[in-house]
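Colleague: This structure is in structure tokens; I'll ask about it shortly.
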């Protein structure tokens, strides 16, 4: 990681909250799976508090949500609901800066690591002690074990070969890796270019079956809501859904992955409506609703489906979904995407349903 500090600027979507931060051009960012971060979808890097500065009257537009130990301070803009920075439980003397909320042009490299917030104490306290991991190929003719920590840095490479293989890998010293049994008899090696890399694979020819997972027509009742539970709802949808991950300016900051249902199949519960704030911009067709207490966008009205509701996948109570297919929505090129994708049909009720 580079030690030279540069000035990065950023803020929320509506620009009421703006800040600047001193950090390297190469950073380590964290993706946390705790109940709160999963709903917010934030990926963040951490800086010392003294290197972070709020600009102008930003503080007037900030709301803070806490829970549990109340050490973490989950700050969000009271206008647009975006968490552009916050104070972590793991770093109460620092600031976690949301990667997607940085103005473009000042970062040269980002390494994204997974943070096991579901098992916070174990993850935070774990050291570099090695444990034995087992693995192998799909047909199990190639088996091995490897000594490595329980927390690793993994790499996703975009070269011509790795892109085709789809591998995400971590690296260990050769002496900590051991093939088991007669695995070597089933290994074939492919090389190209400088022939330094040895791309090993199992020679066993598996029969490939094309499985098409269709959307189930039977509807079930799903429940869900925001993190503080002041906003609760129920929705009728199949147990198998198509969810969308959008790259538009707003969804990128929210980290929102959602599926779409007809509006009449969605129902707010209790006094949820009293805790909802709505943010709009651009054409003002999309209604970005979020909880005014915790800032979570558990549902909203998308521009592509003004007659429907987009339900945030991470805000569903567990146990009612059997399958999710995640597709990429090119919100940066919205008109072309909507025309090509057929997403507008997802908020229509069809006669077979």
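Read-outs throughout are calculated quantities, based only on the coordinates presented, and are distinct from any laboratory measurement. The shown structure was predicted, so the numbers you read here are calculated from the model rather than taken from an experiment. Cβ coordinates were reconstructed from backbone atoms using ideal geometry, including for glycine residues, and neighbour counts include every protein chain displayed.
Colleague: Report the label-to-label distance for residue 317 and residue 180 in nanometres (one decimal), using points 7 Å from each Cα along the Cα→Cβ vector.
Modeller: The two pseudo-label positions are separated by 4.1 nm.
Colleague: Counting other C-beta atoms within 10 Å, which of 160, 341 has the fewest, and how do the rest follow? Could the numbers behind the result be given before it?
Modeller: Working: 160 9, 341 17.
With the fewest neighbours first, 160, 341 line up as 160, 341.
Colleague: Report the full-extension gain for the segment residue 119 to residue 263: residue separation times 0.36 nm, less the Cα-Cα distance, to one decimal in nm.
Modeller: Details: separation 144, 0.36 × 144 = 51.84 nm, distance 3.65 nm.
Result: 48.2 nm gained on full extension.
Colleague: Also: Once the cut-off is 12 Å, how many percent of the Cα-Cα pairs in the range 142-196 end up in the long-distance tail? Don't skip to the answer; put the middle values down first.
Modeller: On the way: 1126 of 1485 pairs.
So the pairs more than 12 Å apart make up 76 percent of the total in the range 142-196.
Colleague: Of the residues 262, 238, 149, which exhibits the maximal mean-square fluctuation in a Gaussian network model of the chain defined by a 10 Å Cα contact cut-off?
Modeller: Of 262, 238, 149, the most mobile in the Gaussian network model is 149.
Colleague: Going 7 Å from the Cα of residue 221 in the Cα-to-Cβ direction, what parts of the range 254-288 have a backbone nitrogen less than 12 Å from that spot?
Modeller: 267
Colleague: Could I ask something else about it? With the cut-off at 1.5 for a/c, could you classify the chain from its C-alpha gyration tensor as rounded, prolate or oblate? Spell out each step's value before the answer.
Modeller: Numbers: a/c = 1.86, a/b = 1.25, b/c = 1.48.
Oblate shape, in that a/c is at least 1.5 and b/c is the bigger or equal ratio.
Colleague: Hey, fewest Cβ within 10 Å first, where do 77, 139, 226 land in order? Intermediate values should be presented prior to the final figure.
Modeller: Numbers: 77 24, 139 11, 226 27.
In order of increasing Cβ crowding within 10 Å: 139, 77, 226.
Colleague: Take residue 33 and residue 67, extend 7 Å from each Cα along the Cα→Cβ direction, and tell me the distance between the two endpoints in nm.
Modeller: Spacing of the two 7 Å Cα→Cβ label points: 1.8 nm.
Colleague: Fewest first, what order do 343, 242, 82 take by the number of other Cβ atoms within 10 Å?
Modeller: Values: 343 20, 242 17, 82 29.
Going from sparsest to densest Cβ surroundings: 242, 343, 82.
Colleague: Another question, if that's okay. Identify which of 200, 320, 301 has the largest mean-square fluctuation in a Gaussian network model of the chain, with springs joining Cα atoms closer than 10 Å.
Modeller: 200
Colleague: Label points 7 Å out from Cα along the Cβ direction at residue 22 and residue 240: separation in nm?
Modeller: According to this spin-label approximation, the distance is 5.5 nm.
Colleague: Pulled fully out, how much extra length does the chain show between residue 283 and residue 162, if you take 0.36 nm times their separation in residues and subtract their Cα-Cα distance?
Modeller: Values: separation 121, 0.36 × 121 = 43.56 nm, distance 4.06 nm.
That works out to 39.5 nm of additional length.
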